[in-house]
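Asks: If you scroll down you'll find the structure; I have some questions about it.
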Amino acid sequence: MIKKCLFPAAGFGTRFLPATKAVPKEMLPILNKPLLQYGVEEALASNINNMAIVTGRGKRAIEDHFDNAFELESQLIGTEKEYLLNDIKHIIEKSTFTYVRQRKMLGLGDAILTGRPLIGNETFAVILADDLCYSQDQGVLSQLIETYNKYQCTIVAIEEIPMDKVNKYGIISGKPLDGNKDIYQVTKMIEKPKLGESQSNMAIIGRYILTPDIFDILKEIKPDENNEIQITEALNIQAQNGKVLAYKFKGRRFDCGDVKGFVSATNYFASKFI
Ligand code: UTP
């Protein structure tokens, strides 16, 4: 059973500057809810109650958001606005939140390794909250967990993207598993291949189930030319040593770390919920 979800949330969010100079990217709202809250709700909907968050300098608003706010609450109590805090209070009551700080922004792989003391030696979920996922029926993380329960190995969520965007993603190659067109056994992964050099358009998005051997693999990985430790490199090793599956999720995903993706998500959620 998967009990913990790791949220790497230490990145600088440079694509969203100047908004992210003092405000964590993960706290930017789609409608009236911060991105990270959507992620935590997705984890809760998958029966995960332990949220492990990798933060960094300037990210304190995240901890405040998932904590009681006595002054505000006592001001609203008994007024017609009291209900506005119901959702977040419910989340706080149902979850535990633990935090660790990534001291140097050495990439997603390093952020996940930084989360090791919060996870321990068990299989865990990862949500990148700036990849906002929406699925009317079953949440994307829940779909991944269902797949994990069947195959008991690392699972990455993938999406087919336009060929002219492959240079922005980790791209997998693989063969369909058990004749299933939604699940692939990964044979290779390439981080941000050059345009024209990739045969595949299957991109890894911000949802993973990782078995704990990933930590020892990450420890050995050297930073790349951009001084980042890439999770794709660790996953590649895992795929060679054993089995990594890629799961084509059902639903929509918006890259909210990018202004255009953020606007699309806002419009989509507004058309659905306002
Ligand atoms: P991104 O690739 O979106 O990087 O990280 P970023 O720094 O947040 O944003 P840009 O590209 O500069 O605009 C993907 C996820 O990994 C986390 C981010 O917080 C985000 O959730 N991350 C990335 C870390 O936690 N630490 C890092 O060193 C890098």
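The values are calculated or read from the model by the stated rules, or taken from the named source; none is laboratory data. Treat the numbers as computed from the prediction; the structure is a model and nothing was measured. Using ideal geometry, Cβ is built from the backbone for each residue, glycine included, and neighbour counts are taken over all protein chains shown. Surface accessibility is based on the protein's heavy atoms, side chains included, excluding ligands, DNA and RNA. Shrake-Rupley method; radii C 1.70, N 1.55, O 1.52, S 1.80 Å.
Asks: Any of LYS4/LYS248; LYS188/LYS248; LYS192/LYS243; LYS25/LYS59; LYS165/LYS194 with alpha carbons more than 19 Å apart? Name them for me.
Replies: LYS4/LYS248; LYS192/LYS243
Asks: If I model a spin label as a point 7 Å beyond the Cα along the Cα-Cβ vector, how far apart are those points for GLU197 and GLN138 in nm?
Replies: 3.7
Asks: If you don't mind, another one. Give me the distance in nm between label points sitting 7 Å out from Cα along the Cα-to-Cβ direction at ASP87 and LEU31, one decimal.
Replies: 0.6
Asks: Moving on. For the chain, report the accessible area per residue in Å² (1.4 Å probe, heavy atoms, rounded to an integer).
Replies: The answer is 51 Å² per residue.
Asks: Here is a further query. Amide H to amide H, which residues 5 or more places from GLY170 or on other chains are under 5 Å from it, using H placed in the peptide plane?
Replies: Result for GLY170 returns LYS192, ILE204.
Asks: Full-extension gain between ASN49 and LYS150, please, as 0.36 nm times their residue separation minus the C-alpha to C-alpha distance.
Replies: Difference between extended and current length: 34.2 nm.
Asks: Given a 10 angstrom Cα cut-off, can you work out which residue in LEU17, LEU76, LEU118 is the most mobile in a GNM of the chain?
Replies: Evaluated over the chain, the most mobile residue of the options is LEU76.
Asks: Which entries of LYS104/LYS250; LYS181/LYS222; LYS222/LYS260; LYS250/LYS272 show an alpha-carbon separation above 29 angstrom in the structure shown?
Replies: LYS104/LYS250; LYS181/LYS222; LYS222/LYS260
Asks: Under the rule of at least 5 residues apart or a separate chain, name every residue whose amide H is placed under 5 Å from the amide H of ILE30.
Replies: Result for ILE30 returns LEU35.
Asks: Ok, one more. When the chain is treated as a GNM, springs tying every alpha-carbon pair under 10 Å, which of GLY139, GLY242, GLY261 comes out with the largest mean-square fluctuation?
Replies: So, out of GLY139, GLY242, GLY261, the one fluctuating most is GLY242.
Asks: Let me ask something else. Under 20 °C and 1.002 mPa s, how fast does the chain diffuse according to Stokes-Einstein, given a Kirkwood radius computed over C-alpha pairs? Answer in µm²/s, whole number.
Replies: It diffuses with D of about 111 µm²/s by this estimate.
Asks: In the range 1-110, what trypsin sites (Lys or Arg not before Pro) fall in a loop by DSSP, with at most 11 other Cβ atoms inside 10 Å?
Replies: LYS21, ARG57, LYS81, ARG103, LYS104
Asks: Now for a separate question. Given the whole protein assembly as supplied and a 1.4 Å probe, what does the accessible area of MET189 come to in Å², nearest 10?
Replies: In the full protein context, MET189 sits at about 10 Å².
Asks: Considering only protein heavy atoms and a 1.4 Å probe, what is the carbon-and-sulfur percentage of the accessible area of the chain?
Replies: The nonpolar share, carbon plus sulfur, comes to 50 percent.
Asks: Accessible area of ASP64, 1.4 Å probe, to the nearest 10 Å²?
Replies: About 100 Å², ignoring ligands and nucleic acids.
Asks: Between the range 143-195 and the range 82-120, how far is it from one alpha carbon centroid to the other, in angstrom?
Replies: 26
Asks: With just the Cα atoms defining each centre, how far is the range 5-73 from the range 220-235? Give it in Å.
Replies: That distance is 25 Å.
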